[in-house]
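The values are calculated or read from the model by the stated rules, or taken from the named source; none is laboratory data. Remember, it's a predicted structure, so these values are computed and weren't measured experimentally. A quick note on method: Cβ atoms are made from the backbone with ideal geometry, for glycine too, and the neighbour counts reach across all protein chains shown. Just the protein is used for accessible areas: all its heavy atoms, side chains included, with ligands, DNA and RNA removed. Shrake-Rupley method; radii C 1.70, N 1.55, O 1.52, S 1.80 Å.
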Amino acid sequence: MRRISPVLQQDGVDPDLISLLKTILAACREIAFRVSQGELAGVLGSTLSENVQGETQKKLDVIANELLKEVILETGVVKAISSEEEDDIVPGNPHGRYLVTFDPLDGSSNTDINSLIGTIFSILPADPHKDASDASQFLQPGSAQVAAGYVLYGPSTMLALTTGKGTRLYTLDKTYGGFLLTAEQATIPKYTAEFAINMSNQRFWEAPMKNYIADLLKGKEGIRGKNYNMRWIAAMVGDVHRVLCRGGIFAYPRDLKDPSKPDKLRLMYEANPMSFLVEQAGGASSTGYQRIMEIIPTDIHQRVAVILGSKHEVETCVNYHRNSTAPVISD
Ligand code: F6P
């Protein structure tokens, strides 16, 4: 089995980017170790603080954020980072060629129940004309990403990575300490009969999503003509991993449960990197109204509706939205 560097070299990836990716993965290996120690390492439970998103921070959120921040800034090739756990961007080397955004620990409410969690990252080119402390340098569409990936801390620690030449899957070999290529090309089947959505929000969704899911639930007797199965891990990283492995549709649609936060997932830390991985595996990704990777961000902590996965299923869901350009909420 092949190690990461030769695979990336073969893909023609810039050596600075390879060393940045290897640094991120070194931090993820350390996070994987701390996660695996659980209660023994005293890393479970919450801190007394909230992040900029108004969510209580878990101890592991803080530990993972600090680990990643420190090593990424030390590489010297990074001009600034933006983390879900930091209020503002953190400047690095003014001459660095890359920007890194990351969600240090996605699905962190799963930490206390020993369930799936992961680290999601995205790498953008830095604009040499902008100041390292200028947050506007991050406001690039997802289509500008030069690399994106996640590390899933599960029964085995896995990496999904794209540099725009397909999506590859690697598995951490704990005997030698590095990631080995275990799937040359993840391929999401075009058709599926599996969906992932938090059904408890159903009454707060917009009409197109309500109608789409209602038709899936009608199964063989309904307009879709087949029975669908449902899965929900409550960690995007786990649900997207399943989609990359065997297809399906994952959605966190807009809802009006809390009208001040109609969208839940973060564009720069979750939606864009996952969309890049999914598209590079032959899938599709949309808000219902727009391809996610074409959104021009207005804020580093912006949230969006996400519908991604098997191409035909995502396109079908988007069709339900097509005649409704403005959000419509109905019972
Ligand atoms: O980042 C937020 C997140 O944890 C995602 O990873 C996950 O898909 C979602 O929230 C779970 O949401 P809910 O709490 O509604 O199940």
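A few comments on the model shown:
- Measuring r between the beta carbons of residue 200 and residue 319 and using R0 = 30 Å, the FRET efficiency lands at 0.75.
- For residue 293, the solvent-accessible surface with a 1.4 Å probe is about 10 Å², rounded to the nearest 10.
- Range in the chain, longest, excluding exposed GluC sites (Glu not before Pro) [loop by DSSP; at most 15 other beta-carbon atoms within 10 Å]: 185-331
- Taking a straight line from the alpha carbon of residue 58, these aspartates and glutamates sit under 14 Å away, with near neighbours fewer than eight places off in the same chain left out: 39, 50, 66, 84, 85, 86, 103, 106, 112.
- Accessible surface, segment 4-183, averaged per residue in Å² (probe 1.4 Å): 40 Å²
- Considering segment 4-183 at the alpha-carbon level, its Rg and Dmax are found to be 16.0, 47 Å.
- Under 19 Å of direct C-alpha separation, and excluding same-chain neighbours fewer than eight residues apart, residue 261 reaches these lysines: 210.
- The candidates 205, 232, arranged from most to least accessible area with a 1.4 Å probe in the full protein assembly, appear as 232, 205.
- For residue 178, distant residues with modelled amide H under 5 Å away: 173
- Of 35, 240, the order by accessible heavy-atom surface (1.4 Å probe, DNA, RNA and ligands excluded), from most exposed downward, is 35, 240.
- Length-normalised contact order of the chain in % [C-alpha pairs under 8 Å, at least 6 apart]: 15 percent
- When the solvent-accessible area of segment 4-183 is split by element, carbon and sulfur atoms take up 52 percent of it, the probe being 1.4 Å.
- Note, ³J(HN,Hα) from phi for segment 150-158, Karplus 6.51, -1.76, 1.60, rounded to Hz, x at Gly and Pro: 9, 10, 9, 8, x, x, 10, 8, 10
- At least 30 Å along the helix axis (C-alpha) and Kyte average at least -1.0, DSSP helices within the chain: 15-37
- Each of residue 139 and residue 112 was given a label point 7 Å from its Cα along the Cα-to-Cβ line. The distance between the two points is 3.8 nm.
- Residue ranking by accessible heavy-atom surface, 1.4 Å probe, largest first, among 69, 79, 257 comes out as 257, 69, 79.
- Model label sites at residue 227 and residue 257, defined 7 Å from Cα along the beta-carbon direction, differ in position by 2.9 nm.
- Contour minus Cα-Cα distance for residue 40 and residue 246 (0.36 nm per residue): 70.7 nm
- Within the same chain, aspartates and glutamates fewer than 8 places from residue 218 are excluded, and of the rest, those with a Cα less than 20 Å from its Cα are 194, 206, 313, 315, 331.
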